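> After the structure tokens below, expect a handful of questions from me.
The values are calculated or read from the model by the stated rules, or taken from the named source; none is laboratory data. Since we're looking at a predicted model, the values are computed, not measured. Note that we place each Cβ from the backbone using ideal geometry, even for glycine, and neighbour counts take in every protein chain shown. To get the accessible areas, we keep the full protein, side chains included, count just its heavy atoms, and leave off ligands, DNA and RNA. Shrake-Rupley method; radii C 1.70, N 1.55, O 1.52, S 1.80 Å.
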Amino acid sequence: MYDATDTDAPIIAVESVRKAFASRPVLEQVTFSIRRAEAVCLCGVNGAGKSTLMRIMAGLLRADGGRVLVGGHDVSRDPDAVRPLVGVISHKSMVYADLTVLENLLFFARLYGAADADARVAQLLEQVRLSAFRYDRAAVLSRGLLQRLSVARALVHGPAILLADEPFTGLDSEACTQLVETLTAFTASGGALVMTTHDVGMGLRCCTRVLVLDGRRILFDQPTAGLDAAALAQDYLSYARARDRH
């Protein structure tokens, strides 16, 4: 059973997870764990199974075998207990286009039963620098502003875990810097972050640990300290290409 007072207890435990689509295996015996305040970058080439694994961890997709425990709860068997613990940033904004920034955040805060929703939303608007846009409809926001709203939506209920699938896609340098600050603050406050990105340099900048998913398994798991982004990207790309030739 997960002990929330034990800082060394894994808040996420992925145990022998398998997934296939039709006859094509995507994940085979994937196993790792993550503790609170860890920031983990999940790397891999296109088709390696990163987004599939993230969806399984979020409880949005059921694994064919193995299990994922979040805060000690099995995501497949007890999704209602897992949902409040997890915030998700995906390729889609997951907000309502016809609602304003403020209306979206208040809606999700109340949906999750966040304490003092008005104060929480006001705090997040300042944190992600959206206060000036609070009355703008989501439909008219730029890509960068929409991503800020997505981040605020994912954080509005105070999750213990943030799953971010390619969060930097389409962002300019200023928006990337602002997002790095938000993600760093989240883990500094004790949150656990798992993010996927094709930009290995940005991943190493945000995270304290890197996992490389390839060949349907975790083939590399190391702290980010001392790692060179270009060398790491070249190494796992070379491995993947060599494997594909066989």
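> Quick check on the stretch 84-111: of everything there that is within 21 Å of the chain's Cα centre (by Cα) and surrounded by fewer than 17 Cβ atoms within 10 Å (Cβ to Cβ), which residue is modelled with the lowest pLDDT? It would help to see each step written out before you state the result.
Applying the first criterion (within 21 Å of the chain's Cα centre (by Cα)) to the stretch 84-111 yields 84-96, 104-105, 108-109, 111.
Then keep just the ones that are surrounded by fewer than 17 Cβ atoms within 10 Å (Cβ to Cβ); that gives 84, 91-92, 94, 96, 111.
On the way: 84: 92, 91: 80, 92: 85, 94: 93, 96: 97, 111: 93.
Checking each candidate, the answer is 91.
> Could you list, in sequence order, all residues of the stretch 85-106 that are assigned to a loop (DSSP other than H, G, I, E, B), among the aliphatic types (A, V, I, L, M) and closer than 14 Å to residue 156 by Cβ?
Restricting attention to the stretch 85-106, the residues satisfying the condition of being assigned to a loop (DSSP other than H, G, I, E, B) are 90-99.
Filter once more, keeping what is among the aliphatic types (A, V, I, L, M): 94-95, 97, 99.
Those that are assigned to a loop (DSSP other than H, G, I, E, B), among the aliphatic types (A, V, I, L, M) and closer than 14 Å to residue 156 by Cβ: 94, 95, 99.
> Among the numbered criteria (1) open to solvent by less than 30 Å² (accessible area, probe 1.4 Å); (2) among the β-branched types (Val, Ile, Thr); (3) more than 22 Å from residue 41 (Cα to Cα), which single criterion is violated by residue 140?
For residue 140, the failing item is (1).
> Additional query: Among the numbered conditions (1) part of a loop (DSSP other than H, G, I, E, B); (2) free of Cβ contacts under 8 Å to residues at least 60 places away in the same chain, tell me where residue 82 comes up short.
(1)
> With the checklist (1) buried (at least 18 other Cβ atoms within 10 Å of the Cβ); (2) among the hydrophobic types (A, V, I, L, M, F, W, C); (3) farther than 30 Å from residue 75 by Cα in hand, flag the one item residue 164 doesn't pass.
(3)
> Hey, another quick one. Only one of (1) in a helix (DSSP H, G or I); (2) closer than 21 Å to residue 80 by Cα; (3) open to solvent by 50 Å² or more (accessible area, probe 1.4 Å) fails for residue 115. Which number is that?
Only one criterion in (1) in a helix (DSSP H, G or I); (2) closer than 21 Å to residue 80 by Cα; (3) open to solvent by 50 Å² or more (accessible area, probe 1.4 Å) is unmet by residue 115, namely (1).
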